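The values are calculated or read from the model by the stated rules, or taken from the named source; none is laboratory data. Values in this document were obtained by computation on a predicted structure and should not be read as measured data. So basically every Cβ, Gly included, is an ideal-geometry build from the backbone, and we count neighbours across all protein chains shown.
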Amino acid sequence: MNIIPEQMWTPGRLWSSIVSSTQHALKTGALMPISTETSWITDSGIDFQIRVVSSLRHKREAGKREEDKASAGQKRPNPFLPYEKDMFVSDITPSHLCLLNKFNVIDYHLLIVTREFEDQEMLLTLRDFEAVWMCMAEFEGLAFYNGGVVAGASQPHKHLQMVPLPIGDRGCSLPIDPLIRSSQADGLLRYSRELPFIHSIAFLDRSIAGYPGDAAEVTHQLYRMMLKKTGLNEVAQLTEEKQSGPYNLLFTRDWMLLVKRSTEFFGTISVNALGFAGGLLARDDQEMKLIRDSGPMTILRHTAAAD
């Protein structure tokens with residue numbers, strides 16, 4: 001399937017563009033990585049990766065500027081429209097482009113953003129999956145989507161995200177991977193008895209990554225099946241494809257995981273899709289203590305919808 005004009009996308013160049021764009025953005029000061037220290041907590045068969053933030057100064061300052069503008073009656077700025085030129089990585093398709101995550105915790109964290117405004121609570125389309133698989137064909141990564149504020153979305157402009165794999169050094173590419181691979185068949189989909197919340201899993205043939213158009217069609221169909229399986233098949237508006245509830249979607253070249261959400265926070269800890277990949281973020285030592293005392297799986301169970 002020919003997805004995009006040849007002049008917009010040259011296969012094999014995305015990773016070098018990511019590296020060069022990152023170097024440029026660091027040099028100009030546009031990219032503001034969040035420094036963290038990594039710890040591991042084993043819980044329910046998963047080696048959870050816990051990143052403890054060293055400093056959130058830049059992100060807090062940016063948030064304060066937005067709050068000041070809001071209090072002054074100004075509309076909250078959309079960082080993607082227009083996007084910051086120093087954050088640009090690559091055009092992908094006529095409908096999507098690729099940017100760096102300005103306040104990244106993980107190196108080479110990408111944002112796959114719609115060129116025109118689309119609401120983050122609209123259901124993912126075939127075009128969204130096409131854009132992600134164009135990137136997934138270039139390097140091994142985890143793609144994810146925070147479907148709504150309750151699912152951890154920080155911006156209302158539709159964007160998917162992708163980080164390179166592996167994210168840790170504990171022998172597997174993702175902490176959650178062993179539980180996904182040991183999941184049980186449930187018709188065309190799968191589930192894990194070890195995940196105590198509403199979810200759906202699908203296995204993929206990783207060879208489809210070489211055919212982004214085909215991969216997009218397969219995974220878009222599976223996504224709609226997974227929404228239905230988790231009770232999210234009914235759209236909120238009859239005239240628009242708006243999601244009926246919050247969720248996180250994660251996928252690699254090998255599998256997809258969809259988790260129905262109930263709340264964003266456990267105490268003060270915000271949980272997004274990366275939490276369900278086995279990675280949590282603690283903003284200070286107090287939040288780290290809360291994670292240790294409560295257990296990471298308890299946090300996921302609390303913030304996902306009850307099984």
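Residue under question is GLU264, and the condition is that it be over 17 Å from the mean Cα position of the chain (by Cα), of a type in the set (Asp, Glu) and at pLDDT 95 or above; does it hold? Against the criterion (over 17 Å from the mean Cα position of the chain (by Cα), of a type in the set (Asp, Glu) and at pLDDT 95 or above), GLU264 does not qualify.
For the range 127-166, a tally of residues being touching a residue at least 24 places away in the same chain (Cβ under 8 Å) and within 23 Å of PHE265 (Cα to Cα) returns 21. Among the residues of the range 15-32, those that are assigned to a helix (DSSP H, G or I) and among the small types (Gly, Ala, Ser) comprise SER16, SER17, SER20, SER21, ALA25. One residue stands out in the range 192-235 among those that are among the hydroxyl-bearing types (Ser, Thr, Tyr) and more than 20 Å from the chain's Cα centre (by Cα): the one that is nearest to ARG261 (Cα to Cα), namely SER192.
Just checking, does the range 281-294 include any residue being within 17 Å of the chain's Cα centre (by Cα) and in contact (Cβ under 8 Å) with a residue 12 or more places away in the chain? Yes - at least one qualifying residue is present in the range 281-294.
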